[in-house]
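Below you'll find the structure, written out as structure tokens, and then a few comments.
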Amino acid sequence: MIEREKAISLLSTLVRIPSVNPRIGGGDGEGALAAFLADYLGQLGLSPEVSEVQPGRPNVLATAPGLPGGRHLLFEAHLDTVPPSSGQAEPFTPRLEGDRLYGRGACDTKAAIAGMLLALEEALAAVNRIPTVTVAFTMGEELGHEGARQLASGGIRVDGAVVGEPTGLDIIAAHKGVLRWRMRVTGISAHSSAPERGINAIGRMAVLIRAIEDRLLPALAVRPHPVLGPPTLSIGRIAGGTGINVVPDRCTIDLGRRLLPGESWVDVEEEIQDLVVEACQELLGGDVQIEAPYQQTPGMETAPDHPLVRLTEEAVRRVDGHHPVRGVAYCTDASDLALAGIPCVVLGPGHIDQAHTAAEYVEIQQVLKAAAIYRELMLVP
């Protein structure tokens, strides 16, 4: 039985170590947290590998061998967090209120890391432990997935992976991927006192945005996946112009497309090219540049009857009764692992609604249950 106070102490320690993704919010990244975890794993008698993916931003990997011929499972969670929210007071000072522990990263995903460590410690003490267990804590999930990509490309061979994310202990067997890219419309600059001498790139971009909303979004809405629903697209950022007294000669938008499993940039680029050619050419009367994506994370799907899904269902049932097998719209490190041929499920303590919020928290009971579920999976023959 995993002690409540031990779980609170470990999770509080993890929250106190800032690990903000520096590509999003500056700071020193995941290095300090990786060092703590490497030391923790070493004290459990393991020999952790710390590998730098980017300067000061490592992955941590450790394997506890089981009996020859037994199952080999990977337990993975990401080290990085998003930056503190505006107005979030003392985000790296854990605060316990009733059963809730508050702090940046408490839910996403330091609760899963704590659960995996607690489960591993108990599994290592078990007699006749059969499965081989590898734990991997990766950098960069919040933007880019570089850590998981390096882990997957390093030739790791396992029978399945359990990826820790806040799922409320539901079993996620499918999720969308994400593409992010930029489009630019050009015009001709002129003095704002004579706007007719220029071509306003912002106006041209408005035409393109309207075409996306009127033509492309409805087309996506009628292509549903049986579990995940339809693919979606959103425009998250727009930039254009240099000053109020200058007709802008360029305008740029950043787009995010949620991919269904099996979709790729090739499919999306073709859709966008067709939209530009068919809907916008005459109205825009100028050049539209479609840049290559700066993030490509594929969708993930594991069959509901896959042995890993069934195994996880049974482990969850023994600890917390029935939980559904379902899909989600967000993406995780499971994308890159699945792309390398590793069957995946996503499961962890907390709820996605609490992640990235100013009042981020996780319920300690969820952490304890997650640890018990992970332990069940680490010990099942």
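Throughout, read-outs are computed from the coordinates displayed, never taken from laboratory work. Being a predicted model, the structure only gives us computed values, none of them experimental. For neighbour counting, all protein chains shown are included, and Cβ atoms are generated from backbone atoms with ideal geometry for every residue, glycine included.
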Could you grab the relative contact order for region 31-179? Cα pairs under 8 Å, six or more apart, rounded to a whole percent.
32
State the extension gain, in nm to one decimal, for the chain segment bounded by HIS322 and ASP305, taking 0.36 nm per residue of separation less the distance between their alpha-carbons.
4.5 nm
Residues listed by number, region 176-205, amide nitrogen under 17 Å from ASP214 label point at 7 Å toward C-beta
203-205
If R₀ is 41 angstrom, what is the calculated FRET efficiency for the pair SER9 and THR242, using the beta carbon separation as r and rounding to 0.05?
0.15
Along Cα→Cβ, 7 Å out, is where each label goes; now give me the distance between the ones at SER193 and GLU49 in nm to one decimal.
6.8
Please report the equivalent ellipsoid semi-axes of region 177-296, computed as sqrt(5 x eigenvalue) of the Cα gyration tensor, largest first, in whole Å.
31, 14, 11
Pull up the cross-link candidates among the lysines for LYS369, meaning alpha carbon to alpha carbon under 19 Å and not fewer than 8 places away within one chain.
LYS6, LYS110
Neighbours of THR232 by Cβ distance under 12 Å: Lys/Arg at +1, Asp/Glu at -1, summed charge +3
Along region 144-157, Karplus-curve 3J(HN,Hα) (6.51, -1.76, 1.60; θ = phi - 60°) to the nearest Hz, with x for Gly and Pro, reads x, 6, 5, x, 5, 5, 5, 4, 5, 7, x, x, 4, 10
Go through (i) 19.9, 64; (ii) 24.8, 96; (iii) 23.3, 83 and flag the label whose value is the computed Rg and Dmax of the Cα atoms in Å for this structure.
(iii)
Range in the chain, longest, excluding exposed GluC sites (Glu not before Pro) [loop by DSSP; at most 12 other beta-carbon atoms within 10 Å]:
4-290
Going 7 Å from the Cα of ASP287 along its beta-carbon direction, which residues of region 165-191 have the amide nitrogen within less than 14 Å of the resulting point?
184-189
Could you state the number of Å between the C-alpha centres of region 247-277 and region 320-341?
26
So how much slack lies between THR232 and ALA358, counting 0.36 nm per residue of separation and subtracting their Cα-Cα distance, in nm?
42.7 nm
